[in-house]
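Shown next, in structure tokens, is the structure this report addresses.
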Amino acid sequence: MTIRTKLLAALLFCLSLGLLAQQPAGSNSIQIHDAMKSLSSDAMQGRGSGTPDELAAANYLAGELRAIGITPAGDKGGYIQDVSGVFQFYSGSKQWNTRNVLGILPGSDPKL
């Protein structure tokens, strides 16, 4: 399992916990299962960094954040933040393009 896959799994787990806290009891497990099934489906083709499949997953997560009332904290007033640059990997330097999905819980301090 690559570091990128582990980070995505951790992000999805955290998002699932946030959704769990916001949803009424009883439907949580079905909603989380459906979200994980969608994001891990073959249709997403691995969600490689900078790919249309990664953008589809980011848009899905952004929609979920919007649905539970999370304030956007990405680029241009949205939830998605584009990230690109030259990063140092074990195999050397590489140009890397990816996206983050960012939001702020209403009433929280964004500086924390």
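Structural remarks
- Residue in region 82-101 that is outside any strand (DSSP E or B), in contact (Cβ under 8 Å) with a residue 24 or more places away in the chain and within 19 Å of the chain's Cα centre (by Cα) present: no
- The set of residues from region 96-112 being at pLDDT 85 or above and touching a Phe, Trp or Tyr at 6+ places or on another chain (Cβ under 8 Å) comprises 101, 102, 103.
- Lone qualifier among 63, 74 - being small (Gly, Ala, Ser) and exposed (fewer than 15 other Cβ atoms within 10 Å of the Cβ): 63
The values are calculated or read from the model by the stated rules, or taken from the named source; none is laboratory data. This structure is a prediction, so every number in the text was calculated from the model and none was measured. Methodologically, a virtual Cβ is constructed for each residue, glycine included, from the backbone with ideal geometry; neighbour enumeration extends over all protein chains shown.
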